Amino acid sequence: MTHPLLDLPPLTAARFAAIEDRVARLLGTAQDVVIMQGEALLPLEGVIRAAAGPGTTALNVITGPYGRTFGDWLRDCGATVIDLAVPFHTAVDARRVRRAFAEHPGIDFVSLVHAEAATGNTNPVAEIGEVAAEHGALFSLDAVASIGAEPVLTDAWGVDLCVIGAQKAMGGPAGVSAVSVSERAWARMAANPRAPRRSYLSLLDWKERWIEGGRAVLPHAPAQLEMLALEACLARIEADGAETVMARHRTAALATRAGAAALGGGLEPYVRDVREAAPVATTLRVPAGVA
């Protein structure tokens, strides 16, 4: 007796590479893209441990809980960390990023979350990328929640490391994730003696065993069902058009905000300024005294 999720033919290297190419198109990048076989925390931690070390001075922007986590990882790597925290109901202002560079001219790494699903805010990546580029800093972006809900323009925004997952706005699987890596990010990793090697966290292993081999032989058995789900998810977005998919998220977010306002009674959006609100998730403040 057959089952559609069992007895599948092996996922070939060519098909795996083709899915990576489709992710690259979604990200608007000509950089290398690696699909990692785990939830997005895998590449999020992997990029920090590969690109940061004792010689790194990192600007870590905190607009929600993930920003705090990234700061912990950076410190654990031995980096000097400058935390730039803003109230979670707002977005960071690029002028504050520029001021941080003026106060700490040694900053050579910027860590930013595009959209914080836990708090419902979204940050001005293009403007922050411009500041990072002016100072030659490596720019790492968590776009896990934003991809599919709002534009993610990796190359145009000067993002060196862009991590995504499919389980949020894309409506896909949680078991695989992806990261785009610029040439200078690869160079930074290669020069870091503490970058993970022979490890599940290692991006350099993927580069050596997969990319440099022409993506002809997979380094290990892929998560087949998750890869097929990611492929189907990308196909759905391509069929509908990314702009159409993003428009749905914008419409749903605005409707949710309007609905909260109509209900009244103290229920209101947590992110007050609609320009700073993420289309992927609308968080609400409950009335005073309500648990």
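Points to keep in mind about this one:
- When Y200, Y270 are checked against the criterion of being within 21 Å of the chain's Cα centre (by Cα) and touching a residue at least 24 places away in the same chain (Cβ under 8 Å), a single residue qualifies: Y200.
- Odd one out for P10 among (1) closer than 25 Å to K207 by Cβ; (2) touching a helix residue (DSSP H, G or I) at 6+ places or on another chain (Cβ under 6 Å); (3) at pLDDT below 95: (2)
- Residue count for the stretch 72-110, restricted to those that are open to solvent by 70 Å² or more (accessible area, probe 1.4 Å) and touching a residue at least 60 places away in the same chain (Cβ under 8 Å): 0
- Test: residue in the stretch 130-147 that is of a type in the set (V, I, T) and over 30 Å from R248 (Cα atoms): yes
- If the condition is being in contact (Cβ under 8 Å) with a residue 24 or more places away in the chain and of a type outside the set (V, I, T), then the stretch 276-291 contributes E276, A277, A278, P279, A281, L284.
- Taken over the stretch 153-173, the residue count meeting the criterion of being out of contact with any strand residue (DSSP E or B) (no Cβ under 7 Å at 6 or more places or on another chain) and open to solvent by 10 Å² or more (accessible area, probe 1.4 Å) is 9.
Results for (1) more than 16 Å from P173 (Cα to Cα); (2) open to solvent by 10 Å² or more (accessible area, probe 1.4 Å), shown as yes or no for each residue.
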{"site": "R22", "(1), (2)": "no, yes"}
{"site": "A30", "(1), (2)": "yes, yes"}
{"site": "I35", "(1), (2)": "no, no"}
{"site": "P43", "(1), (2)": "no, no"}
{"site": "V47", "(1), (2)": "yes, no"}
{"site": "A51", "(1), (2)": "yes, no"}
{"site": "P54", "(1), (2)": "yes, yes"}
{"site": "T57", "(1), (2)": "yes, yes"}
{"site": "I62", "(1), (2)": "yes, yes"}
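- For the stretch 1-25, filtering for residues that are touching a Lys or Arg at 6+ places or on another chain (Cβ under 8 Å) and either of a type in the set (V, I, T) or farther than 23 Å from E238 by Cβ (or both) leaves 0.
- Look at the stretch 179-197: where a residue is within 27 Å of G28 (Cα to Cα) and a partner is assigned to a loop (DSSP other than H, G, I, E, B) and among the aliphatic types (A, V, I, L, M), sitting 6+ places away or on another chain with Cβ atoms under 7 Å, you get M189/A195.
- Every condition in (1) free of Cβ contacts under 8 Å to residues at least 60 places away in the same chain; (2) touching a Lys or Arg at 6+ places or on another chain (Cβ under 9 Å); (3) charged (D, E, K, R) is met by E150 except one, and the failing one is (1).
- L26 vs. criteria under 20 Å from D155 (Cα atoms) and open to solvent by 10 Å² or more (accessible area, probe 1.4 Å): yes
- Listed here are the helices (runs of 4 or more DSSP H) enclosed by the stretch 179-291 that have at least 2 residues being out of contact with any strand residue (DSSP E or B) (no Cβ under 6 Å at 6 or more places or on another chain), open to solvent by 60 Å² or more (accessible area, probe 1.4 Å) and of a type in the set (S, T, N, Q): 242-263.
- Candidate set from the stretch 139-178 (those that are assigned to a loop (DSSP other than H, G, I, E, B) and of a type in the set (S, T, Y)); member that is farthest from A117 (Cα to Cα): T154
The values are calculated or read from the model by the stated rules, or taken from the named source; none is laboratory data. Fair warning: this is a prediction, and the values are worked out from it, not measured in the lab. Methodologically, a virtual Cβ is constructed for each residue, glycine included, from the backbone with ideal geometry; neighbour enumeration extends over all protein chains shown. Each accessible area value is taken on the protein alone, full model and side chains, heavy atoms only, with ligands, DNA and RNA left out. Shrake-Rupley method; radii C 1.70, N 1.55, O 1.52, S 1.80 Å.
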